[in-house]
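*Asks:* I'd like to ask some things about the structure below.
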Amino acid sequence: MHNQISTILSFKIGGNVFALDALHVLHILEVPDIITRIPNTSDFMKGVINHHGNIIPVADMRIIMEEEVKEKNKEQAIIIVNPENSNEVRFGIYVDMISEVIEIKPEDLKETVMDSKRGMIDTYVGTIFHKGTFIHIIDIMHLSEIIDK
C-alpha cells in the first residue's frame, strides 16, 4: 500500500516538515475565524467547521505532535483529509504552514529516521530527503485512528 505513494503534500509543524499522501487530501483551507469547540473532546480537537454544508472535525497537529501552539497567522491552514476515500469519513488537520506538493519515487522513500514515536504519532510511512530537508510521511490511517478515539 505505502509503496504506491507517488505524490505527497508537505506541511510544517513547528520546526519539522511532515507530509501526507496527496491522494487523500480533499481541500486546503485558510483557517476560518470560527472553529466551534465541541465539549468533552480531546485537547487536540480544535472543534468543527462547516465546509460546503459538511461538518468537519478539525484536529490540531501541533498538539498531536507536542509542538508549541502559536497564535493564528496567515500561513496556517486546515488540510481536509479523506483517509478511506469515502464520502463520510473526513476530517481536517490544523498545520502551521503548507510547504509543497512533491512527486516521489518508491526508491526515495526510506525508513523513518526520527524516533519512532513523535507526540501521539508512532507510525510513519517513511521519510524522504528533499531539498536538504527530511520530510516524515505520516500514516494517514494511523492518524485517523488517533482522531477517532
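The values are calculated or read from the model by the stated rules, or taken from the named source; none is laboratory data. Please read these numbers as outputs of a predicted model, since none were measured by experiment. Cβ atoms come from the backbone with ideal geometry, glycine included; neighbour counts cover every protein chain shown. We work out accessible area using only protein heavy atoms, side chains counted, and drop any ligands, DNA or RNA first. Shrake-Rupley method; radii C 1.70, N 1.55, O 1.52, S 1.80 Å.
*Asks:* If the Cβ limit is 6 Å and pairs must be 6+ apart or interchain, which residue in the range 20-44 that is over 12 Å from Ile93 (Cβ atoms) pairs with which residue that is open to solvent by less than 50 Å² (accessible area, probe 1.4 Å) and in a loop (DSSP other than H, G, I, E, B)?
*Replies:* Listed by first residue and then by second, the contacts come to Asp21/Ile5.
*Asks:* Name the residue, out of Glu111, Glu100, Glu107, that is at pLDDT 90 or above and either surrounded by fewer than 16 Cβ atoms within 10 Å (Cβ to Cβ) or of a type in the set (A, V, I, L, M) (or both). Let's see the steps before the verdict.
*Replies:* Details: Glu111 fails: at pLDDT 90 or above; Glu107 fails: at pLDDT 90 or above.
Checking each option against the conditions leaves just Glu100.
*Asks:* For Glu71, are the conditions met, namely being loosely packed, with under 13 Cβ neighbours inside 10 Å, in contact (Cβ under 8 Å) with a residue 60 or more places away in the chain and over 11 Å from the mean Cα position of the chain (by Cα)?
*Replies:* Working: loosely packed, with under 13 Cβ neighbours inside 10 Å: yes; in contact (Cβ under 8 Å) with a residue 60 or more places away in the chain: no; over 11 Å from the mean Cα position of the chain (by Cα): yes.
Criteria not met by Glu71.
*Asks:* Can I ask one more? Considering only the range 120-142, how many residues are within 17 Å of Phe91 (Cα to Cα), out of contact with any helix residue (DSSP H, G or I) (no Cβ under 8 Å at 6 or more places or on another chain) and among the hydrophobic types (A, V, I, L, M, F, W, C)?
*Replies:* Matching residues across the range 120-142 total 2.
*Asks:* While we're looking at this one, here's another question. Could you tell me which of the residues Met61, Met65, Met120 is closer than 22 Å to Asn16 by Cβ, within 13 Å of the chain's Cα centre (by Cα), open to solvent by 40 Å² or more (accessible area, probe 1.4 Å) and not aromatic (Phe, Trp, Tyr)?
*Replies:* That would be Met120, the only listed residue that is closer than 22 Å to Asn16 by Cβ, within 13 Å of the chain's Cα centre (by Cα), open to solvent by 40 Å² or more (accessible area, probe 1.4 Å) and not aromatic (Phe, Trp, Tyr).
Residues are listed down the side, and each one gets a yes or a no for (1) out of contact with any Lys or Arg (no Cβ under 8 Å at 6 or more places or on another chain); (2) modelled with pLDDT of 95 or more; (3) more than 25 Å from Lys70 (Cα to Cα):
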residue: His2; (1), (2), (3): yes, no, yes
residue: Leu9; (1), (2), (3): yes, yes, no
residue: Lys12; (1), (2), (3): yes, yes, no
residue: His24; (1), (2), (3): yes, no, yes
residue: Pro32; (1), (2), (3): yes, no, no
residue: Ile38; (1), (2), (3): yes, no, no
residue: Thr41; (1), (2), (3): yes, no, no
residue: Gly47; (1), (2), (3): no, yes, no
residue: His52; (1), (2), (3): yes, no, yes
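*Asks:* Among the listed residues Ile98, Ile56, Ile79, which satisfies the condition of being more than 12 Å from the chain's Cα centre (by Cα) and either basic (Lys, Arg) or closer than 22 Å to Ile121 by Cα (or both)?
*Replies:* Criteria check complete, one pass: Ile56.
*Asks:* In this structure, is Met65 in contact with a strand residue (DSSP E or B) (Cβ under 7 Å, 6 or more places away or on another chain), modelled with pLDDT under 95 and of a type in the set (A, V, I, L, M, F, W, C)?
*Replies:* Spelling it out, Met65 is indeed in contact with a strand residue (DSSP E or B) (Cβ under 7 Å, 6 or more places away or on another chain), modelled with pLDDT under 95 and of a type in the set (A, V, I, L, M, F, W, C).
*Asks:* Output the residues belonging to the range 6-30 that are of a type in the set (Gly, Ala, Ser) and over 10 Å from the mean Cα position of the chain (by Cα).
*Replies:* Answer for the range 6-30, where residues must be of a type in the set (Gly, Ala, Ser) and over 10 Å from the mean Cα position of the chain (by Cα): Ser6, Gly14, Gly15, Ala22.
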